[in-house]
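The values are calculated or read from the model by the stated rules, or taken from the named source; none is laboratory data. The structure presented is a predicted model; accordingly, all values stated were derived computationally and were not measured. For neighbour counting, all protein chains shown are included, and Cβ atoms are generated from backbone atoms with ideal geometry for every residue, glycine included. For the accessible areas, the whole protein counts, side chains as well, though only heavy atoms, and no ligand, DNA or RNA atoms are used. Shrake-Rupley method; radii C 1.70, N 1.55, O 1.52, S 1.80 Å.
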Amino acid sequence: MNVFIALITLFVSITTHADLVDMFYYKGEAGAYVSRGQNELISSENGFFFQYAKAEWNESVSFNIRNGDPENPRNINLSFDSGATDIKLSVGTYTGVTRYPFNDIYGGPGLNFSKDGSGNNRLTGRFQILGIQYNEFDELISFAADFTQVGDNGIAEFGSVRYNSAVPLTVPEPTSAALLVMSFMFRSIWVRRK
C-alpha cells in the first residue's frame, strides 16, 4: 500500500511539473494591425524565450517573448495592469482597458500587445486573469490570461498567454457564423464541380 501511495505521489509530482509551460497564442481578424490577420502558437518548446519584467512604478505584469534566431528575429511584448498603483493583478475580468502604460491617464486597467515593432497608438479591450501566483519575495511564479485588444481601426485581436502555468491554453474555436459561411462556400464549390 505504501509503495502504491509513493508511486501516485511521484506521478502527480511529475505530471504537475511537466505540465507547467510558457505559451502564447494570438489570432487577429483581417486588417488587424499587430497580428496582421494571422494566428500563431508560440511556446518555449519551439525556441521562444519568455522573460517576465516587473515595472518599478506600478503592479503591472509584462512579458517580452523573443526567439534567438538572428536571421528572423521575433519580439513580442505583452503587458497587463490593474489600473491602480498599489493593487496587484488578481484572478478576475478587467474591462474597459486602454493602452498600457498610458492607462493611468484614464484611470483604468491597461493592456498592450505589440509584435515586431507594430503596435496600436490607442486601444480598448478586456482581459481575464485565469491564474496568477507570486512567491514570498513578490516575484511572479505563474500567470495565465486571455485578452481581446481592439486597435485604432476597430479590428479585434485575441490572445492567451501562459507563463509557468498548468492552465490549459485557450485557442478560440470558429464562431457559428464563420462555420455557416464556410459551409456555404464549400457547398457552392461542390455544386460548381458537378
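When Asp104 is tested against the conditions (1) under 21 Å from Tyr25 (Cα atoms); (2) at pLDDT below 95, the lone failure is (1). Of the candidates Ile42, Ile76, the single residue that is closer than 21 Å to Ala156 by Cβ, modelled with pLDDT of 90 or more and either assigned to a loop (DSSP other than H, G, I, E, B) or of a type in the set (A, V, I, L, M, F, W, C) (or both) is Ile42.
Residues in the range 68-93 that are open to solvent by less than 30 Å² (accessible area, probe 1.4 Å), under 18 Å from the mean Cα position of the chain (by Cα) and of a type outside the set (Phe, Trp, Tyr): 7 in all.
Can you say whether Ser60 is under 16 Å from Ala145 (Cβ atoms) and more than 15 Å from the chain's Cα centre (by Cα), as far as the supplied structure shows?
So Ser60 does not fit the description; no.
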